[in-house]
Each structure stands twice: as C-alpha cells, then as structure tokens.
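Here is the structure we will look at, set down as structure tokens.
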Amino acid sequence: MLKRTCYSDNMKDGKEVVLTGWVHERRDLGGIKFILLRDREGIAQITAPKKKVSEEIFKSMDSLGREWIIAVKGDVKSSPQAPGGLEVIPTEIEVISMAEPSLPLDPSEKVDADIDTRLDNRFLDIRKPRVTAIFKIRSDVLTAAREYLLSQAFVEIQTPKISASGTEGGTELFPISYFEREAFLAQSPQLYKQIMMATGMDRVFEIAHYFRAEESNTRRHLSESDAIDIEMAFIENEEEIMYILENLVSHILKYVSENRKKELDLLGVDISPLPKSFRRVTYDQAISFLQEAGFNVRHGEDLGTESEKALGNIVKEKYGDDLYFLTKYPLSTKPFYTNFDGNVARAFDLDYKGVEISSGGQRIHNVDILKTKIKEKGLSVSSFEAYLKTFRFGMPPHGGFGLGIDRLIMQMLNLENIREGVLFPHDRRRLEP
RNA sequence: GCCCGAGUGGUGUAGCCCGGCCCAUCAUCCAAGACUGUCACUCUUGUGACUCGGGUUCAAAUCCCGACUCGGGCGCCA
C-alpha cells in the first residue's frame, strides 16, 4: 500500500505526494477527468488531462466509485482553475477499499438526510467535513478545559459509575442488575466529589459520562451524556466557584476560536465576543424581566423551558450577553446539600443563549445542618450514612459545579439538536449504533 | 409520562385538504453514451418508491381504524 506523505491541506507546489482518502466527487469531461479526494483535513483535486497522464491512470479514473478509498501518488501543481489553487496530477492510483453503490446518505452534502437516517449511518455522516469539524472542536473543548483546570491546581479524578443508590434524587436513574443485587448507573459524581473534599485533595475535577433515565424526547436531552465536574475547598462563597466557571468557559471559547478557525468557518459559527466575566442576573431580576415581557411566571418556582429561552433573548437584547449566571434562587428549588442564606440558595446556574449548561454552588459542610436538610426534603438519613460520615471528621467549606459538555457544544455551535454534537447519541428511543 | 405531527425509489422531496386526470413529481445517486478545466460540470437515454394490517368505495398514495417507526413541544432535567 502506498504510504501517505501528507494531508490534503499540506500540499506544496512542485512536490511529489501520496494522498489517501475517500472519493468525494467525480467529474468526467471526456478529455479531462477530476476526482475530489477527501481526507481528514480537507479535499484535494486530482486532475487527469488525457495528454498528461498514462493511459492506464486515465482509464482507472472511470472505474472508481463514490466513497471508495484510494491512495494517489502524483505531482502537486499550482493551477488557477483548481479549488485552493493546487491540484495533483496522478502517476499512480491504488484502490484500498471499495464502497457499494447506493450510499445510505450523501457525504458530499448535495442532498440532506434526516437526523434519524444520519444517526443510523453515523460512520458515513461523520465523513461530512462539517460533521468532522464538530468533533475536532469537541476534542479541543476538552483539551482547553483540562489545560485551564490543571493551571488552577485542580487534580483530575475518576469516581464510580455504578453504585448502590442514587445521589441527589433529582433525575431518574437506570437500574442495572449487579450480581445478586440491584445497582444504579451514575447520574452525577456529586457525592463522590464532595467526599473528595474530606480527603485533603482540595481541588478536583472529573470529566466523565453520566446516565439519566429521563422520559424526555426533546432536542436537548440524551440518556447518556458527558460533563465536566469540579469541586473546591476552603471557599468563602459561591462567587469563588463562579469565578472558576466563567474563566473555564472563557478559556474554552478562546482556545476554540484560536485553534479551530477553519472548522468554525465551515460551520458558519462566530463565537465572539469572548467576555472575561459573565453577567450575574438574580432570580428576582429574572422574574421581573419576564413579567415585564408579559410572561406569567410566579416567584418561588423554577423557570420553565419557555421562560428560560425568553430570558436568554431578554438578556441578549438588554446587555448583548450570550452567557450569564442566574443567582440567588429560592432554596426550595435546589437539592438538599445546597448551602443557603435564609431562603436564598447559595447556588447558581450558567445559561448560554437561553439554555442551562451548568449549575453549581456552595454546599453545606456542617453535618447537623445537612441531616436537617435531608429530613426536610423527605429523604432518609440512613441511606446517606456513608456520605454523612465524611462530614464528621473534618470537612472544609466547599462547593463546585457540573458543566454539561454536550449542551455547551450545542449552544456554542448553534446546533439544532444536541445529538449533532455527540458521536453516537443514545436517547429515549435510540440505543444503536 | 402527556400532547401535536410525519412515514412516497438508496437519499431528500411533490402529490394527500377536495379519492379517478398517478402504471406517482423533481433533485441527487446509480447504469449506458457524448464532451479537454470541471468546481452541485453539462447534455441524451435508462433502472428504481406509496411503512404494515384492516375498513369505506365502482375506484385509495389520498378518507377511516389499529400497529410499528420516527420528529417535535411540554413536564422533568444538564
């Protein structure tokens, strides 16, 4: 097999190269034939004028089908008519793998396919340059996140994804059969990362996969998703956590906008402006903004999908911000471990274009208060024994957040469906591939 | 979980309201042919489809019922 010497975006005029890739399109004009060869980094034009290539090569250009994998050896020539100004005059073409005709979808994007058809044939769908771009960006989001958190002295950890009971009881859990017992798939690392605060590790983060058995059928929900979770000790208030979160997200956006210009252009996305800090909108402000705009929202309730979306538009109009914190929620809307000031939760949500991408806050670290709150929420103290134990032998004040990676990417890239930003999304209906 | 909507060649669609003019439109793909600068090449010819089951009717892609599959909204949630 011919060995690749470079990707399609790295050809130099006058050099001999070997490209490997997929036959994206073919054009046969009789005396001159073109193949557009697609690889990871782009598309190169292979040009075969009858008089400039061997008869064998000229003929073989006809026999190739769409999406066949080939290796092409040839000379790079600059040409004003070629896309990108460069083309390859082939001297050798090797077929590496053939593809059956009647592709289940069209990777050259001339004809759209439904999201369902696309996901059923995801390997073909991902061949589309625009889909590939999403996943290159996604990779960079995680690189940037690690880079920032490590720079702030966070330690990366891994916690169990199977356990005996649920954590916060907010969302539905997937039960699984665990030998002779029942167990559950993790929906959040919440309790574990809090336990880590009792270990002296001080600042930890985890990037992992979580499972939620919600009966949801929307563009924003998945049964499996990924999150970046952090927890940090010795904090005075939730503002210190928000500082980390806003800098983390800013760093991610900056990193992506600097390193993935080509991909962002391809997707038609401009992620600027890149604010350093994000606006704080209190719950009370949010309610009055919504009431002014004619929405029927009542104080004391969590915001519904419609209100959340509307608030995104209001904040954008008023201040021009895509990203903003929602702070000072009523305590009743938050989980039992949330710290408080009277009836106000010391917690926050981070919304991006009207969709919640993160929530967090300062936790209760006093074991007696924690027990009281567990009882108040109607939960049983005994089922939290292992968790509560870690609060009895020295627990610093602490807090953290969970940031939904799939939702961040969806909002950042203006994807219409969260599934677009996940390689193989699984949801209420889909379990394959 | 509740509600709304949709299933037509490989893919994306038109037709459905108002049954017959539909052995079903258009694009792309595929096959064959022509063409020396295409870049969604162009042109000619051809192959290929009404989700399934039941019902109404002289007649069903079209109307009714059910099943299956999918999309979306809400709730819940990140």
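Odds and ends about this structure:
- Cα-Cα pairs of the range A:155-313 separated by more than 24 Å (percent): 57 percent
- Cα gyration tensor shape for the range A:8-97, rounded if a/c is under 1.5, else prolate or oblate: rounded
- If you take the alpha carbon atoms of chain A and fit the smallest convex hull around them, that volume is 184 Å³ per residue.
- Among A:MET242, A:PHE348, A:SER177 - extreme Cα towards positive end, dipole of the range A:123-421, charges at beta-carbon: A:SER177
- Extension gain from A:GLU16 to A:ALA153, taking 0.36 nm per residue of separation minus the Cα-Cα distance: 44.5 nm
- Full extension of the chain between A:HIS299 and A:THR372 yields a length gain of 23.8 nm, computed as 0.36 nm times the residue separation minus the alpha carbon distance.
- Each of A:VAL256, A:VAL53, A:VAL269 was scored by other Cβ atoms within 10 Å of its Cβ. Listed from fewest to most, they are A:VAL269, A:VAL53, A:VAL256.
- Largest mean-square fluctuation among A:ALA133, A:ALA153, A:ALA213, in a Gaussian network model of chain A whose springs join Cα atoms under 10 Å apart, belongs to A:ALA153.
- DSSP-assigned coil residues among chymotrypsin sites (Phe, Trp or Tyr not before Pro) in the range A:387-433, each with at most 15 further Cβ atoms within 10 Å: A:PHE393
- Cα gyration tensor shape for the range A:225-340, rounded if a/c is under 1.5, else prolate or oblate: oblate
- Average projection area in nm² (convex hull over Cα atoms of the range A:87-219, one quarter of hull surface): 15.1 nm²
- Label-point gap, in nm, between A:ASP284 and A:SER54 - each point 7 angstrom along Cα→Cβ: 8.2 nm
- Stretching the chain fully between A:GLU214 and A:LYS136 yields a gain of 25.2 nm (0.36 nm per residue, less the alpha carbon separation).
- When A:MET1, A:MET197 are sorted by how many other C-beta atoms sit within 10 angstrom of their C-beta, beginning with the fewest, the order is A:MET1, A:MET197.
- Cα-Cα over 28 Å, subset of A:LYS3/A:LYS136; A:LYS3/A:LYS128; A:LYS136/A:LYS161; A:LYS110/A:LYS254: A:LYS110/A:LYS254
- GNM result for chain A, Cα springs below 10 Å: residue of A:SER307, A:SER288, A:SER102 fluctuating most strongly: A:SER102
- Label point distance in nm, A:LYS161-A:ASP114, each placed 7 Å from Cα along Cα→Cβ: 3.0 nm
- Each peptide in A:258-268, A:327-337 receives the mean, over its residues, of other Cβ atoms within 10 Å, and ordering these scores from highest gives A:327-337, A:258-268.
- Cβ crowding within 10 Å, taken as a proxy for footprinting-reagent exposure, orders A:PHE384, A:PHE348 from fewest neighbours to most as A:PHE384, A:PHE348.
- For chain A, built as a Gaussian network whose Cα springs stay under 10 Å, the top-fluctuating residue of A:ILE32, A:ILE69, A:ILE418: A:ILE32
Laboratory data are not the source of any read-out in this text; all were calculated from the coordinates shown. Computed from a prediction, not measured in an experiment: that's the story for all the values here. Positions of Cβ are generated from backbone atoms using ideal geometry, with glycine treated the same way; all protein chains shown enter the neighbour counts.
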